[in-house]
Amino acid sequence: MEKRKGLHKQVRLKDIANKTGYSINTVSHALRGIDDIGEETRNLILKTAQELGYVQNSIAKSMRLGYTKTIAVIIGDISNPHFAIITKEIETTANKKGYSVFLLNTNEDEEQEMSAIRSTIEHGVDGIILCPVQKTTRNIHYLKKTGIPFVLIGRYFPDMKDIHYTICNDKKGGYLATEYLIKHGHKKILMLSGPTHISSSKERLEGYRAALEDYGIEFDESRIIFVPVTEMDCSKVLPQDGYTAIFAFSDLIAWNAWKVLRKRGKSVPGDVSIIGFDHIQSRLSLPYCLCSISTYKAKMSITSVEMLINLIDGMKNIENIIIDTDIAEGETVSFVCSQSE
């Protein structure tokens, strides 16, 4: 068979041994950090390995040690800055603890989620951090059967008590967002909600309803508009009138609604106030500051990695974590004019 041009020839232990004059066993010990050889010999072997472009065979190493020191992160939409921030924090934390991370995207599709799960298992990862699609529990039951340690992030299944997760307090966040608008005089509050099969969406809606009830405002089902979390296009679903404020499931939906309102000649917050969820501007510098609910993404990410590593290490009785939420004030909520109500 003709050799493919440009095919890289992998440097072997034998090549380093031939170059340095030491045995393959000595070279192996030096590269693995075994302290049965002298420092001068080790330094020469390491220098030669670097010069030759030696790359350690991680598959062989993982077979020898029984673990790969890798974890997979499976999320719904990598283009969403919220997920991008979370993933970066996960990777930073995992790297500090000696783990490598690789990322897979599901596009909020159950079949793609199953494919991602199977792919990570085939690659021998030590554990998985997953933001689940949640249309059914099929993939979670499959994941449980594999025995691989995993942690859910951002979403969970209330009826599955033996699944580990780190989430934010979505119901409280929904309550705070609605209450904030109410305290600015708004009673006609439109909610742009995500699909109710997503736990975070369902609980934010519960918080919205609870705040209306506590402040004596009648719940109007016509003011609940469901927006797909992947498309996030409000142009066809956003009503022309009947509201003075919007509570959006996410910051991206809030920004999209703002864009639609501007095209319709309405100002924010002059005509309509808006509050989002996730506070992605904590990491992004944007010209307009959106009112939002802070979910403390760094804490959620760090906690998820620590929880997963504890599971990998065989620890039991690990408690699930609910991260607090709070108002992040911005420039998109103002007191309602009496004429608007």
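The values are calculated or read from the model by the stated rules, or taken from the named source; none is laboratory data. Since we're looking at a predicted model, the values are computed, not measured. Don't worry about glycine lacking a Cβ; one is built from the backbone with ideal geometry, like all the others, and counts go over all protein chains shown.
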Looking at segment 152-178 only, could you name the residues that are touching a Phe, Trp or Tyr at 6+ places or on another chain (Cβ under 8 Å), under 21 Å from A210 (Cβ atoms) and either without any contact (Cβ under 8 Å) to a residue 24 or more places away in the chain or surrounded by fewer than 24 Cβ atoms within 10 Å (Cβ to Cβ) (or both)? R155, Y156, I167, Y175
Restricted to segment 244-274 and to residues being of a type in the set (D, E, K, R) and either under 23 Å from the mean Cα position of the chain (by Cα) or part of a helix (DSSP H, G or I) (or both), the residue nearest to P195 (Cα to Cα) is D251
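Going through D233, D241 one at a time, which residue ends up being over 22 Å from the mean Cα position of the chain (by Cα), among the charged types (D, E, K, R) and not in a helix (DSSP H, G or I)?
Among D233, D241, only D241 is over 22 Å from the mean Cα position of the chain (by Cα), among the charged types (D, E, K, R) and not in a helix (DSSP H, G or I).
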If a residue must be in contact with a helix residue (DSSP H, G or I) (Cβ under 8 Å, 6 or more places away or on another chain) and of a type in the set (D, E, K, R), how many such residues does segment 270-323 contain? 5
Any residue in segment 258-281 that is among the aromatic types (F, W, Y) sitting within a Cβ distance under 6 Å of a residue that is in a loop (DSSP other than H, G, I, E, B) and surrounded by fewer than 24 Cβ atoms within 10 Å (Cβ to Cβ)? List the pairs, counting only those 6 or more apart or interchain. W258/V268
Based on this model, can you work out whether H141 counts as under 13 Å from S304 (Cα atoms) and surrounded by fewer than 21 Cβ atoms within 10 Å (Cβ to Cβ)? no
Filter pass, K202 being assigned by TED's automatic domain parsing to the domain that holds Y243 and either among the charged types (D, E, K, R) or without any contact (Cβ under 8 Å) to a residue 40 or more places away in the chain (or both): yes
When P149 is run through (1) buried (at least 18 other Cβ atoms within 10 Å of the Cβ); (2) free of Cβ contacts under 8 Å to residues at least 60 places away in the same chain; (3) out of contact with any Phe, Trp or Tyr (no Cβ under 9 Å at 6 or more places or on another chain); (4) more than 28 Å from D251 (Cβ to Cβ), the failure sits at (2)
Take the residues in segment 319-333 that are assigned to a loop (DSSP other than H, G, I, E, B) and over 30 Å from G270 (Cα atoms); name whichever of them is modelled with the lowest pLDDT. E319
Pair list, Cβ under 7 Å, 6 or more apart: segment 295-319 residue under 26 Å from I275 (Cβ atoms), other residue in a loop (DSSP other than H, G, I, E, B): T295/H279; T295/T325; Y296/D324
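One line per residue, one yes/no per condition, for (1) closer than 22 Å to S115 by Cα; (2) of a type in the set (S, T, Y); (3) assigned to a loop (DSSP other than H, G, I, E, B); (4) in contact with a strand residue (DSSP E or B) (Cβ under 6 Å, 6 or more places away or on another chain):
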residue	(1), (2), (3), (4)
K144	yes, no, no, no
L205	no, no, no, yes
A210	no, no, no, no
E218	no, no, yes, no
Boolean, S304 is surrounded by 17 or more Cβ atoms within 10 Å (Cβ to Cβ) and in contact with a Pro (Cβ under 6 Å, 6 or more places away or on another chain): no
